[in-house]
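Encoded as C-alpha cells, the structure appears first; notes follow it.
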Amino acid sequence: MPLNPRTSLVRVMEDFSPALLDLVHGSPEPTDEVGGVVIHDPGDEVTYPPRAIVLGVGVYGTEEITRLLRELGLHGAAALVVRGPVERDEALAAAAAASGVVLISLTQGASWSQLTELLRTLLTEGDIGDPGVESLGGVPSGDLFALANAVATLLDAPITIEDRRQRILAFSGRQDEADQARVATILARRVPDGYLRILESRGVFSELYRSDRPVHIAPATIEEGETALPRVAVAVRAGDEFLGSVWAAVEEPLTPDREQAFQDAAKLVALHLLRHRAGADAQNRLRADLVSTVLEGGMGAADALDRLGLVEEPTVVMAMGLRGQRGDHAHLAAERQRLTSALGIHLNAVQPRSALALLGDVAYAIVPVPADPEAGQERAVQIAANFVERAGKRSQVVIGIGSVATDPSALSRSRTRADRALRVLMSGPGDRNDQSGQSAQHSRHGQSDQPDESGRSRRRVASIGDVYIDALLLDLRDMAAVQGDELLGPVARLVEYDARHRSHLVETLRAWLDAFGDVVAASASVFVHPNTFRYRIRRAAEVARVDLRDPATRFALMLRLRLMRPSDVQG
C-alpha cells in the first residue's frame, strides 16, 4: 500500500518533538517521504524499504551507532532512532553527514513499541483516498495529528485526542509546555491509571459523557510537590455514539469565544475519527481482497500481487490458526483478530513488504523470502517461530508454512501446502507429533514447541516439508472417509475383540509395529512384562488372522492403524 505522500521526516519531527524525539545530527528534508518503520536486529537479516526510519533498539555508544549509520546509509535509510541521551560528538556528526542518515534520540521513559505504533499510525494516514484533494474543515481527511495541531493553534494550548478508553490517538506540538501528567500520558500513549482514578472519583467522565459543552477540570496531582495545569475536555460524538474526547492543558480559563471554538472543533474531530475508522476498514477490506485473489490463483493473481508490491520477488505463504478452538464464538473471533494484528506488527518489523489478511478462521501472510527453496523456508520458519515465542506459552497460535513461490502462479500451491501444514499442527497429539526425527528438525529450525496435556511436546510452527508424512496420512484418512470405507479386515477384528473382552490387542500391535518387532522396547512402552507382551502379540495375530512375518502385511497394518480415528475404537 502506498504511504501518505505528505509524511516526511520533517513532519515526523514536528509531530513527535520534543515530547518523544530529539534531533541529534543531520537535517531532515521536507521533500523526503518516509518509506516505513523497521526495527534493527543485529542477529537477523532485515529488509529495509527505501527511506526507512530504523529503530535502533539496544544500540548504544558512539562506535556502535557510527557503524550502524554507515550500514544504513548503504540501504538508503532516512533516519536512525536510538535511546537518548546521545552524546553530540564529531564522530557521530561525521557519520550522519557521510551516510545521509539523520540521527534521532528517543526520550528516556518512552516505549519502543509505542513509538512504533505512533509512527505507523502517522505514516498510514491518508492511505485511502486522495489526501491532497479531500479535506474536512481545511485539514487533510483522517490526519489526526494535523487536526490536533490545528485545534492547538485555535486554543493556544497543547492538545490530545483520545479514544473511548483514554488511549492517545494523536497529539499536538508544544507538549513540553504542559505538565508531568501530560508528559506521562504521551509517553505511555494512554492516561496513567493514577490520574484516571482521580478523574473518575471527581465524576469527570460521567459529566463528559452526558454534556455537549466543554468540561473544566481542576489540576490533578499524584506525587507531593507535583505541579499541574487545569484541563478543558470536550466529548467527541457521532449522533448518540461516544467516539472519544479532546483534552487541552490550559494555563487560564478559555474565553467564551475559544470555548465555543473548542465545542465546534469537537464536531470536526468526530468527522475525522469516522473518516479515519472508515479508511482503516476500507483498507483492511481491500488488502484482504487482494490477498484472497492472490491465494486463489487465476488470471487476476499477478495483478493483485503487483498491487501488493510483491510481484517481482520470491514469496512464501504462512497460515496462522488457533489450536483447540473451543468456547465463545465472539471471544475466538476477537482472539484471532488480536493475533492477526500482532502478526502484522511482527512482520512489519522483520519483513515490511509482507501482506497479511484474516480470511475466515485463518490468517494468511504472503512473505518475501530468499529464492533458494531451503533458505526461503528456513527464513519463514524462523520468522514464524519468533512470533509464536513472543505470543507466549499460553497462546494456542500455530503457523503452517507453504513452499517457496518464485512466480504468482505458484502462490496458490504454496497456500494449499500451508493449509496442509496448519492442519497437521491443529490435529491431535497422536499424529506423529512426538517423533524423534522430526523433533530434531524442529531444533535445527529453531522452532518453539508447546507441551500438550500429557506433557508431550507439540510443535507450533512447521513447514510442509517438516510434516509431509503427517499431511499425507491425513489426506489418506480423508480419502477413506469420502469413499465411505468402514473399519474392515484384520484391524476391525482386533477392535471388535478388544471391545468384547476388554483386552488391549490393538494397543499391543501398534506398540510392536512402532518398535519394529523389538519386544523388550515395545513392552516397556505399554508397561507390560515382556512375556505377557509376547503372549498378546501372538493372540493379536490369531484374532486378526494375519502372518506378522510378512513385510507387506506389517506395512498394511501399520498404515491402517495410523489412519484410525479415536472414534474407531469402541472400547
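The values are calculated or read from the model by the stated rules, or taken from the named source; none is laboratory data. As the structure is a computational prediction, the values presented were derived from the model and not from experiment. Methodologically, a virtual Cβ is constructed for each residue, glycine included, from the backbone with ideal geometry; neighbour enumeration extends over all protein chains shown.
Of everything in the range 541-557, what is under 25 Å from I469 (Cβ atoms), surrounded by 15 or more Cβ atoms within 10 Å (Cβ to Cβ) and not β-branched (V, I, T)? Give them in sequence order.
A544, L548, R554, A556, L557
Pairs, please: C-beta under 6 Å, at least 6 apart or cross-chain, first residue on the phi > 0 side of the Ramachandran plot and in the range 171-190, second at pLDDT below 80 and surrounded by fewer than 23 Cβ atoms within 10 Å (Cβ to Cβ)?
From the range 171-190, the pairs are R189/Q114.
I need a count of the residues in the range 64-81 that are closer than 17 Å to R51 by Cα and crowded, with 19+ Cβ neighbours inside 10 Å.
Looking only at that region, the number is 8.
On the basis of being at pLDDT 85 or above, in a helix (DSSP H, G or I), closer than 28 Å to V424 by Cβ and out of contact with any Gly (no Cβ under 9 Å at 6 or more places or on another chain), does V506 make the cut?
Yes, satisfied.
Looking at the range 173-228, what helices (runs of 4 or more DSSP H) fall wholly within it and have at least 2 residues that are among the β-branched types (V, I, T)? Give the steps one after another, and end with the answer.
Working: elements: 180-188, 193-201, 204-210.
Output list reads 180-188.
Right, Y468: aromatic (F, W, Y), out of contact with any Gly (no Cβ under 7 Å at 6 or more places or on another chain) and either modelled with pLDDT of 90 or more or more than 30 Å from Q377 (Cα to Cα) (or both) or not?
So Y468 does not fit the description; no.
Hey, among A349, A334, A363, which residue is closer than 21 Å to R458 by Cβ and out of contact with any Pro (no Cβ under 6 Å at 6 or more places or on another chain)?
Just a single option satisfies the conditions, and that option is A363.
Quick one: in the range 534-556, which of the residues that are modelled with pLDDT of 90 or more and over 17 Å from V495 (Cα atoms) is farthest from the chain's Cα centre (by Cα)?
Y535
From S403, S412, S395, which residue is in a helix (DSSP H, G or I), polar (S, T, N, Q) and in contact (Cβ under 8 Å) with a residue 24 or more places away in the chain?
Being in a helix (DSSP H, G or I), polar (S, T, N, Q) and in contact (Cβ under 8 Å) with a residue 24 or more places away in the chain holds for just one of S403, S412, S395, which is S412.
Out of D514, D478, report the one residue that is at pLDDT below 90 and surrounded by fewer than 13 Cβ atoms within 10 Å (Cβ to Cβ).
D478
What is the residue count in the range 96-112 for residues that are hydroxyl-bearing (S, T, Y) and at pLDDT 90 or above? Before you say what the answer is, go through the steps one by one.
To start, the set of residues in the range 96-112 that are hydroxyl-bearing (S, T, Y) comprises 99, 105, 107, 111.
This time we only want the ones that are at pLDDT 90 or above, so: 99, 105.
So the count comes out to 2.
Yes or no, residue by residue, for (1) at pLDDT 90 or above; (2) assigned by TED's automatic domain parsing to the domain that holds R165; (3) surrounded by 16 or more Cβ atoms within 10 Å (Cβ to Cβ):
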{"residue": "S201", "(1), (2), (3)": "yes, yes, no"}
{"residue": "V204", "(1), (2), (3)": "yes, yes, yes"}
{"residue": "R210", "(1), (2), (3)": "no, yes, no"}
{"residue": "I222", "(1), (2), (3)": "no, yes, no"}
{"residue": "A228", "(1), (2), (3)": "no, yes, yes"}
{"residue": "V234", "(1), (2), (3)": "yes, yes, yes"}
{"residue": "A248", "(1), (2), (3)": "yes, yes, yes"}
{"residue": "P253", "(1), (2), (3)": "no, yes, no"}
{"residue": "P256", "(1), (2), (3)": "no, yes, no"}
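Within the range 42-125, considering only helices (runs of 4 or more DSSP H) that don't extend past its boundaries, which have at least 1 residues that are under 30 Å from Q382 (Cα atoms) and touching a residue at least 12 places away in the same chain (Cβ under 8 Å)? First the steps, then the outcome.
Working: elements: 62-74, 90-99, 112-124.
It comes to 62-74, 112-124.
Hey, any hits in the range 378-391 for a residue that's within 14 Å of A418 (Cα to Cα), assigned to a strand (DSSP E or B) and among the β-branched types (V, I, T)?
No - not one qualifying residue is present in the range 378-391.
Could you tell me which residue of the range 166-193 is nearest to A270 (Cα to Cα), considering only residues that are surrounded by fewer than 23 Cβ atoms within 10 Å (Cβ to Cβ) and basic (K, R)?
R167
Find the residue count for the range 519-560, including only residues that are closer than 12 Å to V506 by Cα, of a type in the set (A, V, I, L, M) and not in a loop (DSSP other than H, G, I, E, B).
The total comes to 7.
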